[in-house]
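First the structure, in the form of structure tokens, and then the observations on it.
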């Protein structure tokens with residue numbers, strides 16, 4: 001009986017020892033020089049191996065980052081915090097990821113649009129949409145049955161009494177689930193730092209829109225004419241904003257006769273350059289309408305006739321008090 | 001000649017009749033997990049074949065010269081797992097050094113094979129079937145090729161299925177499992193092919 005124990009222990013121990021020795025030797029013999037930074041990057045990654053970055057796991061992502069195949073902000077789980085740490089390891093400047101948030105391109109709730117039919121059936125936008133495009137007078141409008149609310153995994157969307165989804169900016173992560181869920185395709189992902197949104201998706205001619213909705217885009221193109229940077233274009237009777245070009249001046253929302261364009265910032269009354277200006281020319285370069293003139297190292301001046309009060313010069317100015325901005329009430 | 005006949009029969013039998021995935025239902029995890037693309041499925045199949053062949057040889061040696069010699073059949077599970085794990089580790093190191101391209105192609109799948117029940121199943125089936133060394137190696141090779149065949153076929157079907165009109169509730173894993181079941185039934189048709 002005793003021999004079984006002895007043989008078991010000896011044979012298993014022997015197998016284990018031989019394999020361990022073999023592996024140990026092999027590890028030395030087949031040692032491959034790897035970039036030490038890969039391990040360092042791997043350490044700062046979340047280590048969940050979730051694959052959200054598009055690579056097989058955290059270690060493959062770390063490798064890709066070192067190789068330059070992946071962006072340092074490629075880890076969506078770690079976010080900017082991890083990107084900063086990776087940037088430190090690589091010694092490069094980190095570019096913060098542009099965060100996007102969901103925006104509803106319709107402001108025609110129950111109050112603003114007319115109801116043209118009754119619907120009794122499955123209470124989802126998808127079902128309603130399949131029957132003659134909904135119950136509202138505008139066939140592009142939000143259907144109001146809350147498919148987006150249902151789809152949102154972060155509870156960021158809530159249907160208001162007016163029958164429109166209210167998107168909580170704090171909770172929205174820009175995952176895009178609501179964009180996919182909306183059968184009307186009126187939810188988009190827009191950069192968080194953009195303050196102007198054209199909240200209408202109707203391609204009907206202005207005459208029709210003004211009859212069926214109080215806040216719809218009537219295609220007057222005043223915003224297009226007003227925009228100092230040509231960020232708004234008319235597409236088939238609808239004003240569409242190009243977020244890449246938009247400078248957050250808010251002029252379009254001021255001009256819009258129907259209140260379709262929303263502006264979440266503060267409107268600027270007047271911009272002046274004071275004597276504090278050191279003449280670095282940053283503001284002149286930033287100005288979208290070339291309203292600022294001045295020679296290097298001399299105090300610059302703003303041509304108030306050209307100025308569109310966008311405030312970009314104020315944003316880029318590095319000298320405190322060199323540019324003064326007065327806001328509208 | 002008699003031996004050669006047995007070897008060939010064992011090979012055909014493990015590839016088709018006793019296919020590890022579709023008849024024995026071993027290694028279902030990679031079968032469902034890595035069968036989204038034909039290319040990766042093939043890489044996984046090749047890696048598994050490689051490890052299976054080596055495992056068959058190594059476990060036959062250990063079983064015959066250590067476990068049976070000392071009459072310790074109860075140690076099979078433990079020792080085989082150790083051997084498989086070390087073998088995969090060794091293979092990984094070897095490939096990493098000798099062929100970085102192949103190492104990249106196999107990627108995460110290589111370490112995953114360690115925990116694949118098809119490999120342990122293969123190792124445990126060898127003493128059960130009483131094969132000799134050459135037959136064992138051929139058995140391992142056949143099991144690997146059968147694995148590759150099943151997983152590549154599955155990947156091909158799933159690639160086509162991507163464009164198919166699958167009912168919402170069956171999308172993803174459910175339809176894959178139904179496919180696996182139908183494929184397993186199809187493979188049952190091979191059961192009368194040869195008899196040993």
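Nothing in this text is a laboratory measurement; each read-out follows from the coordinates by a stated rule. Here the structure is a predicted model, which means the values were calculated and not measured. Cβ: placed from backbone, ideal geometry, glycine included. Neighbour counts: every protein chain shown.
Key figures
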read-out	value
Protection-proxy order for peptides B:46-56, B:11-21, A:309-319, each taking the mean of Cβ atoms within 10 Å per residue, highest first	B:46-56, B:11-21, A:309-319
Other protein chain Cβ atoms within 10 Å, averaged over every residue that makes up A:116-128	0
Rough spin-label spacing in nm, given labels placed 7 Å along Cα→Cβ, for residue A:20 and residue A:123	6.6 nm
Highest average packing first - A:162-171, A:118-127, Cβ atoms within 10 Å	A:162-171, A:118-127
Euclidean distance between Cα centres, the stretch B:1-30 to the stretch A:1-66, Å	31 Å
For the stretch A:36-90: rounded, prolate or oblate by the Cα gyration tensor [a/c cutoff 1.5]	rounded
Whole-Å distance, taken between Cα centres, linking the stretch B:152-196 and the stretch A:124-170	39 Å
Chain A: relative contact order as a whole-number percent, Cα under 8 Å and 6+ apart	11 percent
Of A:82, A:240, A:128, the one that fluctuates the most in a GNM where chain A has Cα springs shorter than 10 Å	A:82
Three-way shape call for the stretch B:93-176 based on the alpha-carbon gyration tensor, with the a/c threshold at 1.5	oblate
Within the protein assembly as shown, helix-based [θ] at 222 nm, where runs of 4 or more DSSP H residues each add -39,500 (n - 2.57), nearest 500	-14000 deg cm²/dmol
Which of B:188, A:12, B:44 has the fewest Cβ neighbours within 10 Å, and the rest in rising order	B:188, A:12, B:44
Within 10 Å of each Cβ in B:62-69, the average number of Cβ atoms from other chains	2
Anisotropy class of chain B from Cα gyration tensor, a/c 1.5 cut	oblate
Within a Gaussian network of chain B (alpha carbon springs, distance under 10 Å), most fluctuating of B:133, B:163, B:147	B:163
Chain A: most fluctuating residue of A:141, A:83, A:231 per GNM, C-alpha cutoff 10 Å	A:83
Degrees, to the nearest 10: B:2-12 long Cα axis against longest axis of chain B	30 degrees
Degrees, to the nearest 10: B:117-129 long Cα axis against longest axis of chain B	40 degrees
